[in-house]
Structures are given as structure tokens and as C-alpha cells.
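Chemist: Got a structure for you, questions after.
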Amino acid sequence: MITLKVPDMTCGHCAGVVTKAVQSIDAAARVDIDLKAQTVTIETKAGSATVMRALDIAGYPAAPSVSG
Ligand SMILES: [Cu+2]
């Protein structure tokens with residue numbers, strides 16, 4: 001389980017883009033988005049570096065969440 005802070009994620013559209021970016025590297029990934037906290041919790045076999053790179057490419061740079 002990976003929890004990331006995505007500061008640029010501000011609405012449902014962003015959440016959709018973030019979800020698709022994660023699922024583009026792992027179609028079976030479970031993506032849980034908290035828009036208010038601007039965090040995304042991901043259950044995936046992919047490594048966090050891979051996930052963060054995919055989000056970066058999608059335009060949503062992510063950082064490891066302190067609460068994760
Ligand atoms: Cu948005």
C-alpha cells in the first residue's frame with residue numbers, strides 16, 4: 001500500500017487523471033482518492049517510484065504522504 005500526497009489534485013477531473021495514470025502501469029491497482037486531503041492511496045504490485053513517475057508524466061507530481 002502506497003499513500004501519496006498530490007497537491008495539484010483539486011477536483012474530480014484530476015482524480016480521474018490520477019486514477020488512469022496509476023492504472024496505466026497496473027490495471028489491477030486499487031486507487032483510493034481523498035480530494036480534501038489531496039492524497040491517493042494505492043494498492044498495487046508496482047513500486048512507489050514507478051507510480052510517482054507515472055503521476056509526474058500525467059502532470060500530477062506526487063510526494064510520499066506523511067500520514068502514509
Ligand atoms: Cu481538477
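The values are calculated or read from the model by the stated rules, or taken from the named source; none is laboratory data. Every value quoted in this text rests on a predicted model; they were computed, and no experiment measured them. Counting neighbours? That spans all protein chains shown, and the Cβs are built from the backbone with ideal geometry, glycine included.
Chemist: Read through the list (1) over 9 Å from the mean Cα position of the chain (by Cα); (2) modelled with pLDDT of 95 or more, then give the number of the only condition that V40 fails.
Modeler: It fails just one condition, (1).
Chemist: Of all the residues that make up region 1-21, how many are more than 11 Å from V40 (Cβ to Cβ) and among the charged types (D, E, K, R)?
Modeler: Of the residues in region 1-21, 2 are more than 11 Å from V40 (Cβ to Cβ) and among the charged types (D, E, K, R).
Chemist: Checking the structure you have, find out if any residue of region 7-17 is among the small types (G, A, S), within 16 Å of the ligand (Cβ to nearest atom), surrounded by 16 or more Cβ atoms within 10 Å (Cβ to Cβ) and modelled with pLDDT of 95 or more.
Modeler: yes
Chemist: Do we find that V22 is at pLDDT 95 or above, of a type in the set (A, V, I, L, M) and away from the ligand (no atom under 14 Å from the Cβ) in this structure?
Modeler: Against the criterion (at pLDDT 95 or above, of a type in the set (A, V, I, L, M) and away from the ligand (no atom under 14 Å from the Cβ)), V22 qualifies.
Chemist: What residue, among those in region 18-33 that are surrounded by fewer than 16 Cβ atoms within 10 Å (Cβ to Cβ) and not basic (K, R), is nearest to I2 (Cα to Cα)? Write out each step before concluding.
Modeler: Going residue by residue through region 18-33, those that are surrounded by fewer than 16 Cβ atoms within 10 Å (Cβ to Cβ) are 20, 24, 27-28, 30, 32.
With the extra rule that they be not basic (K, R), the set shrinks to 24, 27-28, 32.
Values: S24: 16, A27: 16, A28: 14, D32: 10 Å.
Here the answer is D32.
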